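Okay, structure first, notes after.
The values are calculated or read from the model by the stated rules, or taken from the named source; none is laboratory data. Computed from a predicted structure; not experimentally measured. Every residue, glycine among them, receives a Cβ derived from its backbone with ideal geometry; neighbour counts consider all protein chains shown. Accessible surface is based on the protein model in full, side chains and every heavy atom, while ligands, DNA and RNA are left aside. Shrake-Rupley method; radii C 1.70, N 1.55, O 1.52, S 1.80 Å.
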Amino acid sequence: MPIRHGMTCNQFIAEEQRQFPAATGEFSEILTRIVLAAKIVSREVNQAGLLDILGATGDTNVQGEDVQRLDVYANTQFIDALSRDCYISVIASEENEDLIHTDESSQHRPGKYALALDPLDGSSNIDVNVSIGTIWSVQKRVSEGPRGTSADLLQPGTEQLAAGYIIYGSSTMLVYTVGRGVHGFTLDPSVGEFLLSHHDIRMPARGGIYSVNEGNSPYWTSGTQEWVKALKGKDNPSGEPHSLRYIGSLVADIHRTLFKGGVFAYPLDSKNPEKPRGKLRLLYEASPMAMIAESAGGAATDGRQRILEIQPESLHQRVPLYIGSRDDVEFASSFHREGVEVR
Ligand code: AHG
Ligand code: MN
Ligand code: MN
């Protein structure tokens, strides 16, 4: 079946699988489980104002953040959908301090894959009806034996087999890559299917938008402050002062950057001494988004090196992030290579 606008995501996944004659179908099955969980979470998000699902649970997660009820709901749905039949052996989720093992009670052969998951990204925006999302990444296990280990997740981003996000916005979209282009599917609730709406998305080489929380500027390095000052003038790749757009949900800010170009950044800052490497997490935010950005012709660094080349050391490790159009990320990185410490 040729790739055609409007085909379902599952048909697209099956067509892509045909490019790999040796494929067993397990990887495709993982993607179809992600699609299922996305539909379930989308239904809940789109009715959140009516259902008793908003607000905080009163708990704080390993990140020290207030857990929203929709965080827990999304976490449960994605873990349940991806735990069955154990194609995925082990999961690292933002909402769980330790690894989640899916094949404890299974008689099956151990799963061959590992998943990194931000079940609900943009939690601070849930209650005010601003776009939020889910971010995921699939790795091939490197450990032997019946149970996955953290080594299966602590691999450089270059080893990711697939990465994607769902954005629950004015429409719900699933955007993912297996390294062969970035493709977008829009949920048609009337048929309950994600339909191919954006085949082979390409990020503009440069853009006129920068996206950063300027409220943190007193805590930035001098390099970051010089960079943002240059973006507001003409001494930058576009030769014009940039516009600022900041939604506060990584998925939404990246989705806009994917289509309009420009740069998103969450720089190192001294605001949170307990978060010395910035706010965003490597395994389930920066790394999957970096695979998507690079597969669409963009770039992603921590200011000094490709995000995808960072060797992770812990599950919830944080990194500074500069991601977007190739020329804009290169420009941003040129202000940070010397790695000046924060003020
Ligand atoms: P999460 O809701 O998964 O914790 O992620 C929130 C992140 C990310 O979505 C966004 O880019 C960033 O937090 C915004 O942080 P600030 O509110 O500090 O700008
Ligand atoms: Mn997040
Ligand atoms: Mn989250």
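Answer yes or no as to whether Ser124 is surrounded by fewer than 21 Cβ atoms within 10 Å (Cβ to Cβ), in contact (Cβ under 8 Å) with a residue 60 or more places away in the chain and more than 16 Å from ligand 3 (Cβ to nearest atom).
no
Sort out which residues of region 25-68 are open to solvent by less than 40 Å² (accessible area, probe 1.4 Å) and at pLDDT 90 or above, and write them in order of number.
Ile30, Leu31, Thr32, Arg33, Ile34, Val35, Ala37, Ala38, Val41, Ser42, Glu44, Val45
May I ask you to list the residues in region 75-101 that are over 18 Å from Thr134 (Cβ atoms) and open to solvent by less than 30 Å² (accessible area, probe 1.4 Å)?
Cys86, Ser89, Val90
Conditions (1) touching a Pro at 6+ places or on another chain (Cβ under 9 Å); (2) surrounded by fewer than 20 Cβ atoms within 10 Å (Cβ to Cβ), marked per residue:
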{"site": "Met173", "(1), (2)": "no, no"}
{"site": "Ser190", "(1), (2)": "no, yes"}
{"site": "Thr221", "(1), (2)": "yes, no"}
{"site": "Gly239", "(1), (2)": "no, yes"}
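Among the residues of region 80-96 satisfying the criterion of being away from ligand 2 (no atom under 16 Å from the Cβ) and not in a strand (DSSP E or B), which is modelled with the lowest pLDDT?
For region 80-96, the residue satisfying everything is Cys86.
Conditions: (1) touching a residue at least 60 places away in the same chain (Cβ under 8 Å); (2) assigned to a loop (DSSP other than H, G, I, E, B); (3) over 20 Å from Arg326 (Cβ atoms). Met203 meets all but one. Number of the miss?
Met203 satisfies all of (1) touching a residue at least 60 places away in the same chain (Cβ under 8 Å); (2) assigned to a loop (DSSP other than H, G, I, E, B); (3) over 20 Å from Arg326 (Cβ atoms) except (3).
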